[in-house]
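Here is the structure we will look at.
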Amino acid sequence: MSPVELAEACIARVETLDHAVNALIARDFDRMMNSARDAETAVMAGDAPGPLHGLPFAVKDMIDVAGLPTTFGSQAFAGNIATGDDAIVAAMRAAGGLAMGKTNTPEERAGSNTRNRANGVSANPYDLTRSCAGPSDGSAVAQALFAQGRYHRDWQAFFEIHDFITSPAVTISPRPWREIYPTEIDGTPTKSYYHWLAMAYASTIPGHPSITIPCGKGGNGMPFALQIVGRRHDDLGVLAVAAELEAIIAGTDLAVPAPDLSALRAAPPLSQADEFLTFN
């Protein structure tokens, strides 16, 4: 598949389905297609491709992409148009990547339910009434809770005798997106806004790499995810374990099927839902 064909396929998918889930809140398709054509021309001319050559990517709405809004999910920044690319975006473009737009985020990343008054809610494609979760900003919050060096030392002691940790990615299945955050887990009240995400952010505090891969479905039929955590700086080891597990899972009952694309195409725009931009 050429860079142009891949870009066209991504654009078609967004234009066909995104009305139902509201994942991409700013689009840069014209520039993306121009870059895709340039990438294809470069290959035809025999130029050496970059490591991300012709690969589309989207950027969280916390990072500047020239010409697109950076709202941080906040009405206070509704008119904030970036005048240049953030360093990471510029680096990805230089490596051959094709920026296609901005993805939604909780306001100021402070949460794990992707819902804000600037751009609305993003829904779970497997059930449009449920949350797709989101960035928790857990490491920043938890740094204040686990400032003691003991927490860090305990993690390092564990990995002196173990190679990896595998666990569920979060403590519960996706909740309704109208629920700001889960107030209980299996009948036990949560202690804070972030409590239900403890398994996701615990490893980031001491600086351990982690990855999450799809792995079957929970009791309510929603996709389940497996988290793999490795030793500090062993990112490649974590990726290798994830690849091995994905190969084992493929073709079994643990493989998560794609969402019902025909249902997403037929779904009404999510922006028409009650509480799309409000918190009642």
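The values are calculated or read from the model by the stated rules, or taken from the named source; none is laboratory data. From a predicted model like this one, the values you see are computed outputs, not experimental measurements. Note that we place each Cβ from the backbone using ideal geometry, even for glycine, and neighbour counts take in every protein chain shown. Each accessible area value is taken on the protein alone, full model and side chains, heavy atoms only, with ligands, DNA and RNA left out. Shrake-Rupley method; radii C 1.70, N 1.55, O 1.52, S 1.80 Å.
Output the peptides 207-218, 114-125 sorted from most to least packed, where packing is the average of other Cβ atoms within 10 Å over each peptide's residues.
Numbers: 207-218: 16.8, 114-125: 23.4.
Packing proxy ranking, top to bottom: 114-125, 207-218.
Give the long-range amide H neighbours of Leu68: residues separated by 5 or more places, or on another chain, with amide H under 5 Å away, using H modelled in the peptide plane at 1.01 Å from N.
Ala82
Roughly speaking, to the nearest percent, how much of the chain's 1.4 Å accessible area is carbon and sulfur?
55 percent
Could you order the peptides 86-95, 252-261 from most to least packed, using the average number of other C-beta atoms within 10 Å per residue?
Peptide ranking by packing, descending: 86-95, 252-261.
Only Cα pairs under 8 Å and at least 6 apart count here; give the relative contact order of the chain as a rounded whole percent.
In percent, rounded to a whole number, it is 18.
Between the alpha-carbon centers of segment 1-61 and segment 258-274, tell me the distance in whole angstrom.
Centre-to-centre (Cα) distance: 23 Å.
Just tell me the longest site-free run in the chain, where the sites are GluC sites (Glu not before Pro) in a DSSP loop having at most 12 other beta-carbon atoms within 10 Å.
With GluC sites (Glu not before Pro) excluded where exposed in loops, the chain gives 1-178 as its longest stretch.
Just to confirm my numbers, what's the Cα centroid distance between segment 66-115 and segment 160-184 in Å?
The two parts, judged by their Cα centres, are 26 Å apart.
In whole Hz and in residue order, list the ³J(HN,Hα) couplings for segment 149-158 that follow from phi through the Karplus curve 6.51 cos²θ - 1.76 cosθ + 1.60, θ = phi - 60°; x for Gly and Pro.
x, 4, 4, 4, 5, 4, 5, 5, 5, 4
Using the eigenvalues of the Cα gyration tensor, what equivalent ellipsoid semi-axes result for the chain when each is taken as the square root of five times the eigenvalue, whole Å, largest first? Working shown, then result.
Numbers: eigenvalues 190, 128, 88 Å².
The three semi-axes for the chain are 31, 25, 21 Å.
With charges set only on the Cβ (+1 for Lys and Arg, -1 for Asp and Glu), what does the dipole of the chain come to about its Cα centre, in debye to the nearest 20?
Working: 20 positive and 31 negative charges, 112 e Å.
With only Lys, Arg, Asp and Glu charged at Cβ, the dipole is about 540 debye.
If contacts are Cα pairs under 8 angstrom and at least 6 residues apart, what is the relative contact order of segment 69-122 in percent?
Working: 60 pairs, mean separation 21.1, N = 54.
Relative contact order of segment 69-122: 39 percent.
Which value, in Å², gives the accessible area per residue of the chain when a 1.4 Å probe is used on the protein heavy atoms?
Details: 14750 Å² over 280 residues.
I get 53 Å² per residue for the chain.
Amide H of Ile185: which non-local residues (sequence gap of 5 or more, or other chain) have their own amide H closer than 5 Å, using H built in the peptide plane?
Thr190
Using θ = phi - 60° and the Karplus curve 6.51 cos²θ - 1.76 cosθ + 1.60, what whole-Hz ³J(HN,Hα) does each residue of segment 242-252 get, with Gly and Pro shown as x?
Going residue by residue, I get 4, 5, 4, 5, 4, 5, 5, 5, 3, x, 10 Hz, with x marking Gly and Pro.
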